[in-house]
Amino acid sequence: MPNDIKKTEITYDTLNSHQLQAIYKLTRQLASLGYEEDILEAILEDLIDETGAEVAGFIHYDPETDSFVPRTLKTRDEQKPDSIEFSQTVFRQVLESKEAVLTFDTRSDQNYAGTRSVIINKIHAILAFPLIINQQVYGILYFDSRKNRQSFNESARQFLSFFAAIASLALEQVRYKRQIENENILLKSKLENEIRFPTIVGESPVMTKLFRIIPKVALSEASVIITGENGTGKDLVAKAIHDASPRRGQPFLAQYIGTIPATILESELFGYKKGAFTGANADKIGLFEAVNGGTLFLDEIGDLAQDLQAKLLRVLQNKEIKRLGENTIRHVDVRILAATNKDLASMVKEGLFREDLYYRLNVINLIVPPLRERIEDIPLLVQHFLQKENSGNPLTIRREALKMLMNYGWPGNVRQLENIIKRASILAMDSEIKESDIQFDESVKGSKSSEYHGTMEEIKNKIIRQRIEQFKGNKTQAAKSLDISLRSIQAKSKELGI
Ligand SMILES: Nc1ncnc2c1ncn2[C@@H]1O[C@H](COP(=O)(O)OP(=O)(O)OP(=O)(O)O)[C@@H](O)[C@H]1O
Ligand SMILES: [Mg+2]
């Protein structure tokens, strides 16, 4: 090392009271700053004055590319920062020694004489010291002066070395704080994700797949049809989609369509003007308006009357509604989720459901699997419902009783399981549910587990056969009771030879 480059040995005796004061002031200032950029800015601002340098800068060291990247620059005169060239030689020196480097009269120094930077800027004096984070050189604070060479002395070197330690600490703290904050944000969002589906219990592959799809579906604005048998959890899925969507801060409303008379349903959905019909004593806003900005869940969409199907289509196409008895067009921004346990596609074929509406609604189709296809979730669900019944001191269930539940066919799906657990909790004589406490509800259609053995096709055929028998061969009635078309039941019975 050339003799005019001095390595720092800190002996604090050389610090004068002015420098000590500057350190005190800066230390206090740094403690109040929360961002790395602010800290670097404050350091350079103060130290450029303190040292009398003309140029000061923070140069970040990137260990990946082994390169120096100037990040924050300050100049005393009006020199434009981009015309400054730094001495890479000094940077290397600092990087290797991890200590402050002070050099005077660079023109006579072999290390610097040939370099472009010296020739261009005629650097007379350089003071550079490392900022060290986690024992690695994070960057270099760099001061150079052509005019105030005399102030780049031993005392300044000591002062800056001392200061470097404090600045490094301040940076380390801030980075640590940021890291914790980021982790915090991550954890919070993770937690939110978990809170989002608090009641959808399930670990089976089919449910896991559904849980993975829900957040993706939630982020899109597309309409969704949730299909699944009775009691599979379609309502829960709809709520989960809303809660995971950007609309979660906005209202979520569910409207059951099922057996509600069309006129009542229409005034519920669209609202009305006073006097629109007998009994309309005041203006009333409908659900589309009430839920504006949020999500409307239409349950049992398959039951929607034909003329309301047309009206719903208009809402989906134009995002506009008209209250009953009014001509004013109102703009609404509502995401529609719909659920059905019917086969809408065949309803379309049979002319019972508008094809255009079907395609508008069915942008995404989520299928909630029946409980018999996720038997492995039963222990978890049972535990969940027992907890729901008595969160403080939940009952337990005997293994044999649990086995019984796992061997059942579950025509009423999760809702039926929930009811059976509720009943068993009441019947249980002590803190444990036994086989005798479990009573399957035989009124739920086809509830004997044996009926549900076999493939879906076999089960379907079995049900159709039973139903035709039940109605003594009247296929129209059998079709109606199963909510399928006469045509499809005729085809099926021909296939089955009945
Ligand atoms: N995976 C689940 N975890 C916890 N509870 C569930 C789950 N699935 C359903 N439930 C519960 O079962 C009951 C029925 O669920 P839900 O109302 O969502 O079913 P559905 O498919 O909408 O039924 P329907 O076809 O009759 O409208 C509710 O009490 C619900 O909380
Ligand atoms: Mg429902």
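Things to note:
- Carbon and sulfur %, accessible surface of the stretch 141-296 computed with the full protein complex present, 1.4 Å: 58
- As a fraction of the 1.4 Å probe accessible area of the stretch 345-401, surface on carbon and sulfur atoms comes out at 48 percent.
- Per-residue HN-Hα couplings for the stretch 303-309 [Karplus 6.51, -1.76, 1.60; θ = phi - 60°; Hz; x = Gly/Pro]: 8, 5, 5, 4, 6, 6, 4
- Whole-Hz couplings from phi, Karplus 6.51/-1.76/1.60, listed for the stretch 316-322; x for Gly and Pro: 5, 6, 9, 6, 10, 9, 10
- For the set Lys422/Lys472; Lys311/Lys342; Lys234/Lys322, the pairs lying more than 31 angstrom apart at their alpha carbons are Lys422/Lys472.
The values are calculated or read from the model by the stated rules, or taken from the named source; none is laboratory data. Because the structure is a prediction, the values reported are computed rather than measured. Remember, those area values only see protein heavy atoms, side chains included, never the ligands or the DNA or RNA. Shrake-Rupley method; radii C 1.70, N 1.55, O 1.52, S 1.80 Å.
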